[in-house]
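The values are calculated or read from the model by the stated rules, or taken from the named source; none is laboratory data. Keep in mind that this is a model prediction, so the values were computed, not measured. Using ideal geometry, Cβ is built from the backbone for each residue, glycine included, and neighbour counts are taken over all protein chains shown. What goes into the accessible areas is simple: the full protein's heavy atoms, side chains included, and nothing from ligands, DNA or RNA. Shrake-Rupley method; radii C 1.70, N 1.55, O 1.52, S 1.80 Å.
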Amino acid sequence: MKKKICFVIMGFGKKTDPSTGKTLDLDKTYKNIIQPAVLLSGFECVRADEIQDSGIIDRSMYALLIQSDLVIADISTFNPNAIYELGIRHAVKPFSTIIIKEREGKVPFDLDHTRTFKYTHLGEDIGSDEAERCVKDLSTLINSITKTQQADSPLYEYFNSIQPPTLPDGEFKSIITDLADKEKHIFAIVEKAKSLMEENDFPNAYKYWEKASKIIESETFFVQQKSLCRYKSKEPSEQLALSDALSIIEDLLPSIDPETLGIVGAIYKRLYLLNDDIEFLNRAIDSYRKGWNINENYYTGENYALCLNLKSKFLKVNDEKVYCNFEAKITRQRIIQNLENEVNNDEFINRIDTKWIYATLSNCYLSIDDKGKAIEFENKFLENSLDWEKETFENSKKQLIEIIN
C-alpha cells in the first residue's frame, strides 16, 4: 500500500519569536515532534525546505500544497513563508491541515480562532517528556482529522459549496518523481554542515552553508551560520576572515535577533583584540547589550559584561570606569541567578546547551572570586566538550583573569 504524504511547512534553524524574545530551535521541533508523529501515523514526511530550489515558492510547492494528504504548518516565530503557504493550503484544501506553534507568544489575528496544536520549548531545546507527549498527541490528532475529513479551512467552513482545485494524477506523479531525483535536499546539506562544525572543520562547513544559502537566499539561519564559520575558519588570515564574516552578516542588520547580535558582537570583539581599536570594542558592546536586553540571553550577557570590563581599562574618567564595572557586575549576578534556576530545573539535563551554561557559570563565579564554584562548573563543561569549544572557553577565561587581576 502506497504511503500517504504529509507536507510540513515551517521555519528553519534557530529563530526568535518577536512577541516574546524567546529563541526556538525549529529543527528540534521537526526532528523531535513532527517527524516522529507523522511517521508513527503511517505518512511519508516531506519538509518544505527539502524540496525548494530557491527562496520562492515554485511549481512543486504548489503541487504539494494542493495534493498532499496532510499538511502541518508550524507558525512559531511568525515565519512569513509558512504563514503564506498555510494561506494557500486553506484556499485549496478544505480539510487535513494542522496548525502548530510554541505555546508562548501571540497568534496572528486571522488565526486566533483556528484550532492550534501547542508545544513547549525548553530554552532552545524540547524536554524529553514534552517531546514524548507531543508525538503521542499529535499522532492521535493526525489519525482523527484524516479519518473524519472535517473542514478545517476557514474558507471552506464559510463557503462549503466551493470546489477545491485538483491536479491530474499523472502531473502530480511526475512532480514527485522529479523531486526524488534532485539530490538537493536542504535538510541533508544542513546536517552535513552541522557535522563538520562539530569536527572543527569550519572551512568546509562554510562551503555547505554557502551552498544552502544559494538555494534559499532569504534564510536567516543559513546566513548566521555561514558568517560564524567564516569567522572561525581564520582563512586566509584571521583578519580577512573576520572582515568577510562581518560583510556576510551585515545583510541581516539592523536586527533584534539575539543570535545575529551575538555573532556580530563576537566578530567585533575579536577585531578589537587583534587591532586594539576601541571603536571595535564599542560596537561589540552595542551588539551584546541589545542581545542581552531582548531576552537576557546568557551568551550575550556574559560577553557584554566582559567587554564592559575591557572598556573600563581605557577610560580616564573615574565615574565612567565605575559605571562599566558596576554594569558588568550586576549583569553577571543576573546571569548567575537565571542559570542557577535553570540548572536546578528537572528538565535541565535535556537541554542542548548544558555545556555552555556550565562554561558561563564558571566564568561568572570566577569574576566574583568564588573559585570553588568556578572550578566545579569548569569541570562539568570540560567533560563533553570539543577541542574548539575548549579553546573558546580558555580564551574567555584568560581575558577575564587578566581583567580581574
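Residues in segment 320-334 that are within 27 Å of the chain's Cα centre (by Cα) and of a type in the set (D, E, K, R): Arg332, Arg334.
Just to be sure I understand, how many residues within segment 277-291 are open to solvent by 20 Å² or more (accessible area, probe 1.4 Å) and either within 28 Å of Val343 (Cα to Cα) or in a helix (DSSP H, G or I) (or both)? Residues in segment 277-291 being open to solvent by 20 Å² or more (accessible area, probe 1.4 Å) and either within 28 Å of Val343 (Cα to Cα) or in a helix (DSSP H, G or I) (or both): 8 in total.
Picking from residues in segment 196-206 that are part of a loop (DSSP other than H, G, I, E, B) and among the acidic types (Asp, Glu), the one that is most open to solvent (accessible area, probe 1.4 Å) is Glu199.
If the condition is being farther than 23 Å from Leu24 by Cβ and assigned to a loop (DSSP other than H, G, I, E, B), then segment 235-276 contributes Glu235, Pro236, Ser237, Asp276.
When you go through Glu235, Glu210, Glu217, Glu191 one by one, which is the residue that is of a type in the set (D, E, K, R) and more than 22 Å from Ala48 (Cβ to Cβ)? Of the residues listed, the single one that is of a type in the set (D, E, K, R) and more than 22 Å from Ala48 (Cβ to Cβ) is Glu235.
Specify the residue that is modelled with the highest pLDDT; the eligible residues are those in segment 179-195 that are open to solvent by less than 90 Å² (accessible area, probe 1.4 Å), more than 24 Å from the chain's Cα centre (by Cα) and over 21 Å from Glu85 (Cα atoms). The qualifying residue modelled with the highest pLDDT is Ala180.
Of the residues Arg270, Arg289, the single one that is basic (Lys, Arg), closer than 19 Å to Phe393 by Cα and either at pLDDT 95 or above or out of contact with any Asp or Glu (no Cβ under 6 Å at 6 or more places or on another chain) (or both) is Arg270. Residues in segment 253-262: is at least one surrounded by fewer than 20 Cβ atoms within 10 Å (Cβ to Cβ) and in contact (Cβ under 8 Å) with a residue 60 or more places away in the chain? Yes, the conditions are met somewhere in segment 253-262. Of all residues in segment 207-228, those that are in contact (Cβ under 8 Å) with a residue 24 or more places away in the chain, under 16 Å from the mean Cα position of the chain (by Cα) and in a helix (DSSP H, G or I) total 9. Restricting the first member to segment 283-300 and to residues that are aliphatic (A, V, I, L, M), and the second to residues that are modelled with pLDDT under 90 and open to solvent by 30 Å² or more (accessible area, probe 1.4 Å), the beta-carbon pairs closer than 7 Å and six or more apart or on different chains are Ile294/Ile256.
Pairs are defined by a Cβ separation below 6 Å, a sequence spacing of at least 6 or placement on different chains, a first member in segment 48-69 that is of a type in the set (Ser, Thr, Tyr), and a second member that is in a helix (DSSP H, G or I) and modelled with pLDDT under 65; the pairs so defined are Ser60/Leu179.
One line per residue, one yes/no per condition, for (1) at pLDDT 80 or above; (2) crowded, with 20+ Cβ neighbours inside 10 Å; (3) under 18 Å from Val190 (Cα atoms):
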residue	(1), (2), (3)
Lys14	yes, yes, yes
Pro18	no, no, no
Thr29	yes, yes, yes
Phe43	yes, yes, no
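None of Lys313, Lys355 is open to solvent by 60 Å² or more (accessible area, probe 1.4 Å) and either at pLDDT below 90 or out of contact with any Asp or Glu (no Cβ under 6 Å at 6 or more places or on another chain) (or both) except Lys313. As a summary of the residue check, Asp346 satisfies the conditions (1) surrounded by fewer than 21 Cβ atoms within 10 Å (Cβ to Cβ); (2) closer than 26 Å to Val264 by Cβ; (3) without any contact (Cβ under 8 Å) to a residue 60 or more places away in the chain; (4) within 27 Å of the chain's Cα centre (by Cα) except for the one numbered (2). Residue count for segment 301-343 satisfying the condition of being touching a residue at least 40 places away in the same chain (Cβ under 8 Å) and not in a helix (DSSP H, G or I): 1.
Applying the selection to segment 118-170, what residues are charged (D, E, K, R) and either closer than 26 Å to Ser60 by Cα or exposed (fewer than 11 other Cβ atoms within 10 Å of the Cβ) (or both)? Correct list: Lys147, Asp152, Asp169. Within 21 Å of Glu199 (Cα to Cα), among the aromatic types (Phe, Trp, Tyr) and either surrounded by 14 or more Cβ atoms within 10 Å (Cβ to Cβ) or at pLDDT 85 or above (or both): does that describe Phe381? So Phe381 passes the test. Kindly evaluate Tyr231 against the criterion of being hydroxyl-bearing (Ser, Thr, Tyr), open to solvent by 20 Å² or more (accessible area, probe 1.4 Å) and in a helix (DSSP H, G or I). Yes: the conditions hold for Tyr231.
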